[in-house]
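For reference, the structure is listed below as structure tokens.
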Amino acid sequence: EFDYAKRAIHVHALEYLLKPVSEEELTTNLEEAIYLTQRTEKKKPVLKADLQENHHENIKMNAVAENIRDFIAKHYQEDISLQDVAGSMNYSDAYFCKIFKQCFDKSFLVYLTEYRVEKAKVLLADMSINIKDVSAEVGYRDSNYFARVFKRSEGITPTEYRLRVLHSAKKGD
């Protein structure tokens with residue numbers, strides 16, 4: 001109902017959970033609420049327990065980041081979305097977005113695009129691989145779209161990149 005939605009916005013609700021809720025989803029949302037509450041508290045003296053908690057939080061975030069990196073490395077060639085990765089980690093989409101931004105300081109789509117372009121650059125250095133095949137190999141089914149994404153990222157087309165690599169290789173010989 002609209003009144004509930006309006007009130008939720010007013011009290012800065014983090015998530016809307018539907019019954020039955022899994023213990024994992026509830027725990028994840030409670031952890032996020034506690035984290036945000038702690039961030040907004042007034043500054044207080046740093047205690048040894050706080051340092052240990054921060055250390056444990058950093059370890060947890062590093063583990064989460066590593067899981068995300070592993071998932072993307074295994075699945076970047078597929079048509080994956082933020083929802084796919086969030087689901088594989090049993091996170092809500094909204095919570096995963098926040099965690100991803102904290103881990104990588106960029107959005108999921110920017111990270112995935114950068115990852116795919118870097119993989120494409122390696123493949124483009126091999127002149128025996130057709131650019132259309134490079135496109136498919138890095139997760140883009142439409143080679144024209146791949147060319148636009150690559151140009152937006154690198155400032156040159158995949159063909160121009162390949163020519164530069166070839167030219168650099170000839171200079172090195």
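The values are calculated or read from the model by the stated rules, or taken from the named source; none is laboratory data. Worth saying up front: this structure is predicted, and the values here are computed from it rather than measured. Cβ coordinates were reconstructed from backbone atoms using ideal geometry, including for glycine residues, and neighbour counts include every protein chain displayed. SASA here: full protein model, heavy atoms, side chains in, ligands and nucleic acids out. Shrake-Rupley method; radii C 1.70, N 1.55, O 1.52, S 1.80 Å.
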### Query
Do we find that Leu36 is over 23 Å from Asp105 (Cβ atoms), surrounded by 12 or more Cβ atoms within 10 Å (Cβ to Cβ), modelled with pLDDT under 75 and of a type in the set (A, V, I, L, M) in this structure?
no
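State whether one or more residues within the stretch 163-173 are open to solvent by less than 30 Å² (accessible area, probe 1.4 Å) and in a helix (DSSP H, G or I). It would help to see each step written out before you state the result.
Looking only at the stretch 163-173, we keep the residues that are open to solvent by less than 30 Å² (accessible area, probe 1.4 Å), and these are none.
Within the stretch 163-173, not a single residue is open to solvent by less than 30 Å² (accessible area, probe 1.4 Å) and in a helix (DSSP H, G or I).
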### Query
List pairs: first in the stretch 117-128 and touching a residue at least 40 places away in the same chain (Cβ under 8 Å), second of a type in the set (Val, Ile, Thr) and surrounded by 11 or more Cβ atoms within 10 Å (Cβ to Cβ), Cβ under 8 Å, 6+ apart or cross-chain?
Lys119/Val138; Leu124/Ile131; Leu124/Val134; Leu124/Val165; Ala125/Val165
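For the stretch 66-88, enumerate the residues that are more than 28 Å from Ala147 (Cβ to Cβ) and touching a Phe, Trp or Tyr at 6+ places or on another chain (Cβ under 7 Å). Quick ask: steps written out before the conclusion?
First, the residues of the stretch 66-88 that are more than 28 Å from Ala147 (Cβ to Cβ): 66-67, 70, 86-88.
Ala86, Ser88 - these are the residues of the stretch 66-88 that are more than 28 Å from Ala147 (Cβ to Cβ) and touching a Phe, Trp or Tyr at 6+ places or on another chain (Cβ under 7 Å).
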### Message
For the stretch 137-162, give me the residue count where each residue is surrounded by 13 or more Cβ atoms within 10 Å (Cβ to Cβ) and touching a residue at least 40 places away in the same chain (Cβ under 8 Å).
### Response
5
